[in-house]
Each structure stands twice: as structure tokens, then as C-alpha cells.
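A short write-up of the structure that comes next.
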Amino acid sequence: MTSNTPYPPALDAGLETERLSQTIKDWSIANGLAVRPPPALVGQNQDPEGILAINAPVTLFPSPFPKSCFEEAKAIQTNYNELYARISQDEEFLGRLVQEVADGDDFIAKLWEIHLKVKEEGYVQNLSLGLFRSDYMVHQDGDHLQIKQVEFNTIASSFGGLSAQTSLLHQHLSKTEYPLLTTPIPPNTLNLPANTSAHSLAAGLHAAYEAYGPSILNHPTCILFIVQDGERNIFDQRHLEYSLQQSSIPVFRLPFSQLLTHTTLSPTPLRQLLYHLPHNPSQIFEVAVTYLRAGYGPNDYPAPSSWLARRRIETSNTIPCPTILTQLAGMKKVQQVLATPPGPSTLAKFIPDEEKSSALWRTFTNIYPLDSSSPAGREARRLATDPKECLKYVMKPQREGGGNNFYKGAIPEQLKKVPEEHWNSFILMELITPPAVQNTILRQGKLEKGGVICELGVYGTCLWDQKTGQVKHNEEAGYLLRTKGDQSEEGGVAAGFGCMDSVALV
Ligand code: ADP
Ligand code: MG
């Protein structure tokens, strides 16, 4: 392609678009780039056997993405892993931030309470595993392009399974379909980097499994995926399971709501977590690693027993991914404290190496607290309540999973509903406005064409010792590109706004 060829190319709305869509639909199902259908699509109780799957929403073309930004994001991931491993080890720092938000946030307060109870019993597992994802958008400042971090995920970082498949889909299309278009893209003209996210995340789980070692109780060991009831994004998780099973590691899925029923704690000093096969309870596996794809938000804790379940994981000898401390390290409050102007002093405390810490600092955008006493907090209160200034910001509570934020004009409205002494449970963040690119999204068989905004996520895996600080495994683990229409504020694929994409480096 020459630089003045428009990309993605315009498609003729008839047969050409139809052919490309059909190829994507078939390839996606054939290769597990799929989700379970929402009840609204098939009708309540219309799939009682649970046999249906539909295409995950995806772009027809890989979106153009600046190569320098992509490489920068990948290169700093191991520094980010190290930063969040160190934050997870600083109980005093996390405790202070929890106190700042706990009055207005029962969920965070409750997580902290469980941590304190387990601390009193005495933690029996020092190893801690993080499967992280750092999310960015490209910020354009004149000619200069710079990635800016949207958030850092420390629990249930999803889409690593589907993301690898999306890269493969676009690579497949670049060989088979794009060269046949009326405005052809010849083979080997798109720069489509390999994406190892599924295998790399599995490799992180594998490293923790190895580090746990054999059972001293002579049980077989396993990895347990703790999942939500009725999970629709199941194939994303299955890709990780299949990768682990190829290495002959026993992997099981257990809904969080059934954890107390199908696990026990061994009545031995190490309190091993034992999984009893539901269909054959006399067969027992010792859980080396517990991978949480549930438990990140209040909806997963409908009853007091849910908190007992979380406590059972935390108090046992299993290696949790993540621990409560690591989950809390992902609070937006932590990100705010690291980024608040005027300078990187908090960051430097965790990452003393100046070159490393300034590489991380460059990716921060302005984030403010909303307290009434600090100068930054007072300034943020002015910005958040001013009808013009607020248009440049997003306000976030300490939540994960999408759909929780307040954008622009909704910020002052929301603050009116919250007692002022609880404002500090939110953070105020400058909006990043990436350059819009054109693409077409295929969602539930329908095409959505227009300006889109891309969000890059880079995965990282890290295994460390909470007591000694020793890092035993620290890897960058592939990427995710999520794309949404430029009119949408939220970008979650599972939340129904965004779609899967991959990068065409430019
Ligand atoms: P969650 O934990 O719910 O995923 P995020 O912080 O990732 O919360 O915000 C959800 C979405 O809102 C992001 O995927 C992004 O599309 C948008 N968003 C969040 N922060 C910003 C920001 N500073 N600038 C622009 N968009 C943002
Ligand atoms: Mg997010």
C-alpha cells in the first residue's frame, strides 16, 4: 500500500461486504472467537441445553495503530508488573488509601476487613500471582503521539483468549480476503504483529503451578478457575484452560457461588485448599493456583457466604491470582496517587530506578483526588462542579468491569447525589482523546461503519514472594485491542459497547 491509499479500503456495500462478513462469521465460530448469546438475542430459556454460541463482535479490518506507541506499551509492561508487585507488598500504603475511600465504599471496606482477618490467622502462602493488563489510549499532542494509561487491571483481566484469536483472524483475512477486494490490499503489506496473549497468560499460571510444587498430602495438584454463574465470555477463558491442559495440568472451573460446597481446607498447619470433584467427591485435587475470573465486584457477593468463600481462598495455601492486596492495588485511587501532580515522588518510592520510573510517568495523565483538604483535591472539586471544566473529565469510583464511570456533564449531577464527605471515594481523570480512525464493526451480524476509538491493553504476568519481595517470574504477555464507536464513552466488549480488534502497525 502506498501512504495515500485510504485504509481501511472502502467496500462495495453489496457482494463484497457480504463475502467478507461471511468469512469472518465462519472463521470465528470455527476458531472459538465466540461468546454465548445474550438471552435478549435468543429469547429467555430458548437455549436450555446451552449449545449456542455467536460471533464475538469484531472489526472487519485491523485498526491502524502507531508502531512507536505499541512498542513503548509492550516495552514497559515488565516495569508495570514490578510496580504493582511492589505496591501489593506495601500493606501500610494500601491501608491508608483504603481508609480514604472506605467511608463511601462498603465493597472496598469489606475486602480490607477480610484481609485483616486472614492476617490475624496468619497467611500461609507467600507467593502471589498477578495476571495484569495495562490499558492505554493514544494521546495526540501536535505531531507527538504518546500512550496514556486508562487504567491498570489487577483482577480478572479478560480477553487474552479471544484477543489472540482476533489477531489470527485478521492475519488469515490479510492472506485470503483482503488481496481479493476491489481495492486490494496485497499480501504482506499490513504489519500485523504476533499476539501470544492466550499462551502467555497460561504460561504465567503454569509458572505459579510449578512454584507451588507437589502436594505433601499426596493429592494430585490442579489449577482452579473461579468463574461467574452464567458467564457468556466463556470461550475467552477456555482458550487459557486448553493451553494449560496441553501441558497436562489438571484445570477445573468452579462458579464462585459453589466454592464453599466443593472445596475444603485441609485441617493441617498449611491449610491446603482441596477441590472435591462434584461428580465424584471422593476424588480430591489440591489447588495449587486459584485464578479468579469472578469476585471483582459487589454483585459477586450477594450473601455473607460469598465473603466466607473469598476468605477461604485467601486463608488457604493456594497461590491466589490475585490476593486481596493485589486486587486493592488495582483501585483507581492507587493510580490517582501515583499520577497526581506535581511529580513522581510516590512512583519513585516503588521504582527507584529513574529511567524506569520516568518511562512509566510518561504514560500517566492528570488524575485528581476529590478530597476537601489537599490542594489537588480542592482544585478537582472546582473542575468537577464547573459546567464547562467538567466536560474534559471522567469521574470513576473504585470499581471494575465497566459501566461504573461518570462522564463530562454527568459528573456534577452525580456529585449532587453523593454526600460531600464521600466525594473522595471517586477520582477525577482527564479525558484522553485519541485520533479517530475509520473501521467497520461486525456485531451480531450487523455492520456498524464509522469513526472508531481504539484502546490498547498489554498483558503482564508476575509471580513474586510477598515476604522477601523476590520476583520469580516477570513477563510481558501479549496484547488486546478493543475498539468502540467514537460516540460511545464506555469501551467494554463484555459490557456490549466495544468490539475485538487487532493492530495494523503504522
Ligand atoms: P473499568 O474498570 O470499568 O473498565 P475504565 O477506567 O477502564 O473502567 O473505564 C471504562 C472505559 O471508559 C474505558 O475502557 C474507556 O473507553 C473509557 N475511559 C476511561 N477513562 C478514560 C479517559 N481518561 N479518557 C478517555 N476515555 C476513558
Ligand atoms: Mg477498563
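The values are calculated or read from the model by the stated rules, or taken from the named source; none is laboratory data. Quick caveat: nothing in here was measured; it's all calculated off a predicted structure. Counting neighbours? That spans all protein chains shown, and the Cβs are built from the backbone with ideal geometry, glycine included.
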Is it true that ILE155 is part of a strand (DSSP E or B) and touching a helix residue (DSSP H, G or I) at 6+ places or on another chain (Cβ under 7 Å)? no
If you go through region 224-237 one residue at a time, how many are under 19 Å from PRO320 (Cα atoms) and not in a strand (DSSP E or B)? 2
List the number of the failed condition for LEU41; all other conditions in (1) among the aliphatic types (A, V, I, L, M); (2) within 30 Å of LEU447 (Cα to Cα); (3) within 21 Å of the chain's Cα centre (by Cα) hold. (3)
What pairs come up if the first residue lies in region 417-433 and is closer than 18 Å to GLU455 by Cβ, the second is within 10 Å of ligand 1 (Cβ to nearest atom) and part of a helix (DSSP H, G or I), and their beta carbons are under 7 Å apart, counting only those six or more places apart or on different chains? GLU430/LYS392; LEU431/LYS392
Return the only residue of ALA164, ALA109 being free of Cβ contacts under 8 Å to residues at least 12 places away in the same chain and small (Gly, Ala, Ser). ALA109
Residues of region 408-446 being assigned to a strand (DSSP E or B), of a type outside the set (Asp, Glu) and either out of contact with any Leu (no Cβ under 9 Å at 6 or more places or on another chain) or surrounded by fewer than 16 Cβ atoms within 10 Å (Cβ to Cβ) (or both), in sequence order, are MET429, VAL437, GLN438, ARG443, LYS446
Of the conditions (1) in contact with an Asp or Glu (Cβ under 6 Å, 6 or more places away or on another chain); (2) free of Cβ contacts under 8 Å to residues at least 40 places away in the same chain, VAL150 fails just one. Which one is it? (2)
Members of region 127-172 found to be out of contact with any Phe, Trp or Tyr (no Cβ under 8 Å at 6 or more places or on another chain), of a type in the set (A, V, I, L, M, F, W, C) and closer than 22 Å to VAL58 by Cα, listed by number: MET137, PHE159, ALA164, LEU168
Single unsatisfied condition, VAL124 versus (1) of a type in the set (Val, Ile, Thr); (2) under 30 Å from LYS417 (Cα atoms); (3) not in a helix (DSSP H, G or I): (2)
Exactly one of SER128, SER197, SER163 is within 16 Å of ligand 1 (Cβ to nearest atom) and under 30 Å from GLN336 (Cα atoms), and that one is SER163
Return only the number of the condition from (1) in contact (Cβ under 8 Å) with a residue 24 or more places away in the chain; (2) within 11 Å of ligand 1 (Cβ to nearest atom) that LEU442 does not satisfy. (2)
Show the residue pairs meeting these rules: Cβ distance below 7 Å; 6+ apart or different chains; first residue within region 199-221 and under 16 Å from ASN126 (Cα atoms); second residue small (Gly, Ala, Ser). TYR209/ALA288; TYR212/ALA288
Candidates LEU83, LEU41, LEU33, LEU60 - the one that is more than 24 Å from GLY160 (Cα to Cα), in contact (Cβ under 8 Å) with a residue 60 or more places away in the chain and of a type outside the set (Phe, Trp, Tyr): LEU41
Can you tell me which of (1) over 27 Å from VAL35 (Cα atoms); (2) crowded, with 23+ Cβ neighbours inside 10 Å is the one GLU475 doesn't meet? (2)
Wholly within region 1-93, which helices (runs of 4 or more DSSP H) include no fewer than the required count, namely at least 2 residues that are of a type in the set (Ser, Thr, Tyr) and surrounded by 15 or more Cβ atoms within 10 Å (Cβ to Cβ)? 15-30, 77-89
Scan (1) touching a residue at least 60 places away in the same chain (Cβ under 8 Å); (2) within 16 Å of ligand 2 (Cβ to nearest atom) for the single condition VAL452 breaks and write down its number. (2)
Run down GLU355, GLU314 and say which single residue is more than 30 Å from LEU428 (Cα to Cα), over 20 Å from the mean Cα position of the chain (by Cα) and modelled with pLDDT of 95 or more. GLU314
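Somewhere in region 105-123, is a residue at pLDDT below 95 and under 22 Å from the mean Cα position of the chain (by Cα)?
yes
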Test: ALA436 is away from ligand 1 (no atom under 12 Å from the Cβ) and under 30 Å from ALA504 (Cβ atoms): yes
If GLY401 satisfies all but one of (1) small (Gly, Ala, Ser); (2) part of a helix (DSSP H, G or I); (3) within 11 Å of ligand 1 (Cβ to nearest atom), what's the number of the condition it fails? (2)
Output for region 480-499, where each listed residue is more than 10 Å from ligand 1 (Cβ to nearest atom), in a strand (DSSP E or B) and at pLDDT below 95: GLY485
